[in-house]
Amino acid sequence: MTEWPIRDLAKATGLTSRTLRHYEQIGLLLPSRVASNGYRFYGDAEISRLYRILSLRALDLPLATIHGALDEKTSLADAIETHLGLLEDRRDRTIEQITLVRNTLDAVKEGSSLSIEDVFAGTDQSQFESEVRARWGDEAWERSTVRLAGMTDEQRESDSQRSRDVNAALRAAAEDGEDPRSSRFQRLVADHHQWVAEFWGGREPDREGYTGLSELYVADPRFAANYGGENNAEVVREAMQVWVRANLE
């Protein structure tokens, strides 16, 4: 059996030896053997497994999801074939994204009215990864990624529609001049809190997290735009904070 030392594997893949050792620590990729001097060596089975790991990482899947998806019995040929299929799926999604962006551009040039969801329909949402990780930690991003990866196209569309409905309802309440303390507004906030928990992969936002989110809705113009601007966002923030004081310790 041919074996490759960790330094050769790192050079061939562009990974660092530290990364390969991290994969070993979490049980994602074990060496075929460890020499008495501590050097790691990798055989054909490990090369096949690493190929699958890298192909899945290229699709932005989290390590936890990759770990659960790997099958020890898969050959290198099967791994490459699966990778090809995933790349073809990504190509198809890219073509769809191009169509969305082209339609958005045409609508803007024609002066058509667009919702904020329409404007950003063709953007790559993975651009927000670093921001989410910085604000709410790695777990928040990993949970969200796993959740979306497990959805069908129909489920993703339904999920997007729920997001639009929840936020549109809050915007409508603010535009109607509804008192943030009213029962109507507070019911809408309760639904919003549940939606956030779903979006975060089942982790309900606590008092600090939900309050911070309400502040972000005002501070960040991208979020404020969902509610028709900063003034409406301030009303939504007040309603959220009223709900926090009444429902979260």
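Any read-out appearing in this document is the output of simple, stated calculations on the displayed coordinates, not a laboratory observation. If you're wondering where the values come from, they're calculated on a predicted model, not measured in any experiment. We place every Cβ from the backbone using ideal geometry, glycine too, and count neighbours over all the protein chains shown.
Shape of the stretch 192-249 from the C-alpha gyration tensor: oblate (a/c of 1.5 or more and a/b not above b/c, with a ≥ b ≥ c the square roots of its eigenvalues).
With the simple model of a label 7 Å out from the Cα in the direction of the Cβ, A219 to L30 spans 4.6 nm. In this structure, A69 and R203 have a Cβ-Cβ separation that, at R0 = 25 Å, corresponds to a calculated FRET efficiency of about 0.65.
In this rough spin-label picture, where each label sits 7 Å from Cα along the Cβ direction, the M151-R57 distance is 2.7 nm.
As a calculated quantity, the FRET efficiency between L105 and A168 at R0 = 25 Å, using C-beta atoms, amounts to about 0.55. When a/c reaches 1.5 or more, the comparison of a/b and b/c decides; with that in mind, is the stretch 4-74 rounded, prolate or oblate per its Cα gyration tensor? Prolate. Given R₀ = 51 Å, what would the calculated FRET efficiency be for I95 paired with D44, taking r from the Cβ atoms and rounding to 0.05? Calculated value: 0.90.
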